[in-house]
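Everything below concerns the one structure shown next.
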Amino acid sequence: MALVRILVDGYSLLHAWPELARGKARHSAAARDELIHWLTRYQDATGTPISVFFDGGGAPKGVPKNESTASVEVLFSKSGQTADDMIERAAHRFQPYGEVLAITNDNAERDTVIALGGQAWSCETFVRDVEISLSVLADDVKHFNRAERNRYNRSR
C-alpha cells in the first residue's frame, strides 16, 4: 500500500532534534516555526503530505493557532485531548486510502499506529532521513544546474 501521509508528533520530534532551533525553548513558537520550515523542505523533497500535531491544551484562547500551509498541515490539540489522540484518529481515518507513517518516540503510540496498519519511525530515524533526503535534493539541484549551464554555454 502507498504511503499517503506522514503524521508527526511535533514536540516529540523537537525534543529529539537538538540541532534544530538551537538556543530556543523546545515549546516556543520559534522552535515550532523552525520545525515546520524543515518539514516543509522535506515535503518538497519527497512529495508526501505531512501533518504535524502539537499538544495545545491549556493554552490561552487563540494561542497557539493552527498555521497550516499547502505543504504541511499544523494542528494543535484542544484541552482534554493530546497530540497522540489526534495521531491515532488520523491513522484510523487514513486507513482506507493507504499507509501512514507516524513519527514519535512514544513506543505505545508507535505500536498503536502499527496495529492500525501504519508504519512508525523513531524521531531519530526520521531526522536522519530528512537530512539525507535534503542532501540528495541539493545534490540533484546542483547537478541539474550544472547541466543546464553547460547546455546554455554550448548553445551560445
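Only the coordinates and a few stated rules stand behind these numbers; no lab work does. These figures come from a predicted structure and were not determined experimentally. Here the Cβ is made from the backbone with ideal geometry for all residues, glycine too, and neighbour counts use every protein chain on show.
Think of the stretch 29-156 as a dipole: +1 on every Lys or Arg Cβ, -1 on every Asp or Glu Cβ, centred on the Cα centre; then among Cys123, Val141, Thr82, Val141 lies furthest on the positive end. Taking 0.36 nm per residue of separation and subtracting the Cα-Cα distance, full extension of the segment from Leu3 to Ile114 would add 38.6 nm.
Taking a point 7 angstrom from the Cα of Arg41 along the C-beta vector, which residues in the stretch 1-33 have backbone N less than 14 Å away? Taking a point 7 Å out along Cα→Cβ of Arg41, the residues of the stretch 1-33 whose backbone N falls under 14 Å are 19-22, 33. Separation of the stretch 117-140 from the stretch 27-46 is 13 Å, based on Cα centroids. On alpha-carbon atoms, Rg over Rh for the chain using Kirkwood Rh? Result: Rg/Rh = 1.06. The magnitude of the dipole of the chain, with charges of +1 and -1 set on the Cβ of Lys/Arg and Asp/Glu and taken from the Cα centre, is near 840 debye.
In degrees from 0 to 90, rounded to the nearest 10, what is the angle of the helix 29-46 Cα long axis to the longest principal axis of the chain? Helix 29-46 sits roughly 50 degrees off the main axis of the chain. Please work out the C-alpha center-to-center distance from the stretch 65-95 to the stretch 1-15 and express it in whole Å. Each part reduced to its Cα centre gives a spacing of 10 Å.
For the peptides 142-152, 25-35, 110-120, the ranking by packing is 110-120, 25-35, 142-152, with the highest mean count of neighbouring Cβ atoms within 10 Å listed first. Relative to the dominant Cα principal axis of the chain, helix 123-155 is inclined by about 20°.
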